[in-house]
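Below is one structure, written out as structure tokens, with a few remarks after it.
The values are calculated or read from the model by the stated rules, or taken from the named source; none is laboratory data. Computed from a predicted model, the values in this text were never measured in an experiment. Positions of Cβ are backbone-derived with ideal geometry, glycine not excepted, and every protein chain shown enters the neighbour counts.
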Amino acid sequence: MPPVSEIQTTRIGLPTGVTLKVAFAGPAKAEPILFLHGFPESYRTWSREMEALAPDFRVIAPNQRGYAGSDKPEALEDYQSDKMVEDLIALADALGLARFTLVGHDWGGVIAWAAALRHPERLKRLVIVNAPHPLLFQRSLIEDEAQREASQYIRALRSPGVERGIKLMGLRTFLQKVLGAEGDLAKLPEAEQQAYIDEWSEPGALTGMINWYRAMTIEVPEPGEKARLPLWTHLPFPKVKVPTLVIWAMKDKALLPVQLEGLIDLVEDLRIVTVMDAGHFVTWDEPETVTAAIRDFIADTSE
């Protein structure tokens with residue numbers, strides 16, 4: 001038997017109709033922490049944090065639907081965010097997790113925000129790493145020209161046939177353009193870089209992970225385009241009631257620090273930790289910083 005601190009993987013079928021590849025480590029009876037990855041990664045983005053936390057916690061990280069080793073539904077509607085929230089809760093049920101700490105980065109953070117709003121009774125704590133609150137993100141895409149400009153990649157990813165363009169440039173170039181633009185690739189070992197390329201090479205993987213963007217309802221106008229805030233942004237928005245830690249890498253080129261403005265009004269119990277010298281992929285660029293922030297937060301909020 002491998003040590004409990006060593007990351008293992010398995011596949012778990014869920015009543016939501018998908019089977020997910022799930023990474024796990026740590027003592028089975030320890031306090032659980034569930035990690036959600038973002039685009040274009042997998043559980044690997046959390047491997048350093050998981051290894052560091054495994055001696056004291058039960059750490060779990062699924063590859064979400066559309067990603068490597070997990071099912072990749074063909075219908076676009078199967079990538080709406082409510083489906084991923086259902087996957088999360090179904091996975092927690094399958095693992096016997098009545099309540100747990102939820103940690104999400106990028107798209108994983110988007111799903112984590114939604115889970116905290118829809119299922120607060122299941123979460124002990126929420127940790128968000130460079131993932132915008134939905135209301136603040138939509139507002140910024142209309143009202144903040146710099147954020148709108150930085151988010152034009154979303155429009156590009158929604159384009160038909162973008163997968164063909166990625167294949168033509170080559171997956172190694174894609175990795176360098178996406179991960180290298182926002183993080184120090186020297187901190188990502190060659191074996192792990194190749195693992196990502198292998199994951200993206202799976203049949204349907206590129207389309208699956210890009211479909212998250214195609215199915216999202218957030219409006220992203222072109223730069224300079226006249227646009228109005230959608231009606232839902234004017235309606236009362238519920239507060240997040242779960243104790244929340246937001247870790248924000250300030251050199252993120254895609255999600256600017258404007259995403260922190262106004263958070264205090266949308267979260268009842270909020271802590272913010274800023275990482276000044278890291279970009280979007282702070283999870284593997286500065287894993288010690290992220291791990292320490294999570295440990296401190298859990299210690300501060302333990303009953």
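For residues in segment 240-268 being surrounded by fewer than 17 Cβ atoms within 10 Å (Cβ to Cβ) and among the acidic types (Asp, Glu), which is nearest to Pro287 (Cα to Cα)? Per the stated criteria, the residue is Glu261. Counting only strands (runs of 3 or more DSSP E) that sit completely within segment 27-137, those holding 1 or more residues that are hydrophobic (A, V, I, L, M, F, W, C), in contact with a helix residue (DSSP H, G or I) (Cβ under 9 Å, 6 or more places away or on another chain) and closer than 23 Å to Trp200 by Cβ correspond to 32-36, 58-62, 123-129. Residue count for segment 220-249 satisfying the condition of being in a loop (DSSP other than H, G, I, E, B) and out of contact with any Pro (no Cβ under 6 Å at 6 or more places or on another chain): 16. Taking the numbered list (1) closer than 30 Å to Pro73 by Cα; (2) hydroxyl-bearing (Ser, Thr, Tyr); (3) modelled with pLDDT of 95 or more in turn, Thr244 passes all entries but (1). Scanning segment 139-186 for residues that are surrounded by 15 or more Cβ atoms within 10 Å (Cβ to Cβ) and under 26 Å from Leu266 (Cα atoms) turns up Arg139, Ser140, Leu141, Ile142, Asp144, Gln147, Arg148, Ala150, Ser151, Ile154.
Contact map, segment 45-58: first residue within 12 Å of Pro27 (Cα to Cα) and small (Gly, Ala, Ser), second residue modelled with pLDDT under 95 and not in a helix (DSSP H, G or I), Cβ cut-off under 9 Å, separation 6 or more or different chains; pairs are Ala54/Pro3; Ala54/Val4; Ala54/Ser5; Ala54/Glu6.
Listed here are the residues, each with its yes/no results for (1) under 18 Å from Trp284 (Cα atoms); (2) surrounded by 12 or more Cβ atoms within 10 Å (Cβ to Cβ); (3) among the small types (Gly, Ala, Ser).
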site	(1), (2), (3)
Leu188	yes, yes, no
Trp200	no, yes, no
Leu206	no, yes, no
Arg214	no, yes, no
Glu225	no, no, no
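Note on segment 269-303: among residues that are of a type in the set (Ser, Thr, Tyr) and modelled with pLDDT of 95 or more, the one that is surrounded by the fewest Cβ atoms within 10 Å (Cβ to Cβ) is Thr274.
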